[in-house]
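To keep things clear, I will list the structure first and then write my remarks on it.
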Amino acid sequence: MSELMDLLKLTGICPILVDSEPDSTIPAAEALIQGGVPVMEILMRNEASKANLKKIARELPGLTVGAGTVLNVKQAKEVIDLGAKFIVMPGFQREVVELCVNRQIPVLPGCVTPTEIMMALDYGINVVKFFPVYQMGGLDTLAQLNGGPFPNVQFVVTGGLNATNFLPLMAHKNVLAAGGDWMFADYHALTARNFKQITSNIRKSLNEVMDIRAGNR
């Protein structure tokens, strides 16, 4: 799991691919790599999502691709077989966590309450997904969790994030990364097949994260 966490710590961003035409998937992923963020989560919404996951895993081994919105162990087994290098869940599902731990597949269970966080810690997981971040209290809630019983737990925050509202979250020392699809959505980059714009979008966000973490903002 440390390889994924090192990558998220370095970039501070986990791009999320929601929908993509088959012939746009590889160029979009390559645009992320060119922008300095060689990681991507693909939401598992339909058969096209599975095809995109398989295609990226096969054709771009240098990109760390994961499957998001994994809800049950059957789905988890399927996406692992398709090449997913990590699993993201909206909540905590014990069977999925146990499968990933046993197979040594990094897993980010959704945990927003002390009970859920303690369940994750029981499995040796100290990096969890916090979704939806602002609706669940944002920085105030994270400060209470980290300043109280869970000082060593880190969060990957998601939920309605864009190129602007994710930035304040990056100043919190226990936020490992933020996930969203703004790098694809801004300027309609993906739908317009403007892959250079995707690179520009992600590079801009990456530079802003680095500035925040360096104390320059």
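The values are calculated or read from the model by the stated rules, or taken from the named source; none is laboratory data. Being a predicted model, the structure only gives us computed values, none of them experimental. Cβ: placed from backbone, ideal geometry, glycine included. Neighbour counts: every protein chain shown.
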| task | Answer yes or no: is there a residue in segment 14-23 that is under 17 Å from Ile125 (Cβ atoms) and under 13 Å from the mean Cα position of the chain (by Cα). | result | yes
| field | Matching residues, segment 134-184, being in contact with a His (Cβ under 7 Å, 6 or more places away or on another chain) and buried (at least 20 other Cβ atoms within 10 Å of the Cβ) | value | Leu142
| Does any residue of segment 34-41 turn out to be more than 16 Å from the chain's Cα centre (by Cα), within 24 Å of Leu161 (Cα to Cα) and not hydroxyl-bearing (Ser, Thr, Tyr)? | yes
| query | Under the condition of being among the charged types (D, E, K, R) and within 20 Å of the chain's Cα centre (by Cα), which residue from segment 112-171 is farthest from Leu7 (Cα to Cα)? | reply | Glu116
| request: Pull up segment 111-152, narrow it to residues that are assigned to a helix (DSSP H, G or I) and among the hydroxyl-bearing types (Ser, Thr, Tyr), then point me to the one that is nearest to Leu8 (Cα to Cα). | output: Thr141
| request: Go through (1) surrounded by 15 or more Cβ atoms within 10 Å (Cβ to Cβ); (2) touching a Pro at 6+ places or on another chain (Cβ under 9 Å); (3) closer than 25 Å to Thr25 by Cβ and name the single condition Leu190 misses. | output: (2)
| note | Expected single match for closer than 29 Å to Glu21 by Cβ, of a type outside the set (A, V, I, L, M, F, W, C) and at pLDDT 95 or above among Asn194, Asn152 is Asn194
| request: Go through segment 176-196 and count every residue that is part of a helix (DSSP H, G or I) and without any contact (Cβ under 8 Å) to a residue 40 or more places away in the chain. | output: 5
| field | Yes/no for Phe155 being closer than 24 Å to Arg94 by Cα, assigned to a loop (DSSP other than H, G, I, E, B) and in contact with a helix residue (DSSP H, G or I) (Cβ under 9 Å, 6 or more places away or on another chain) | value | no
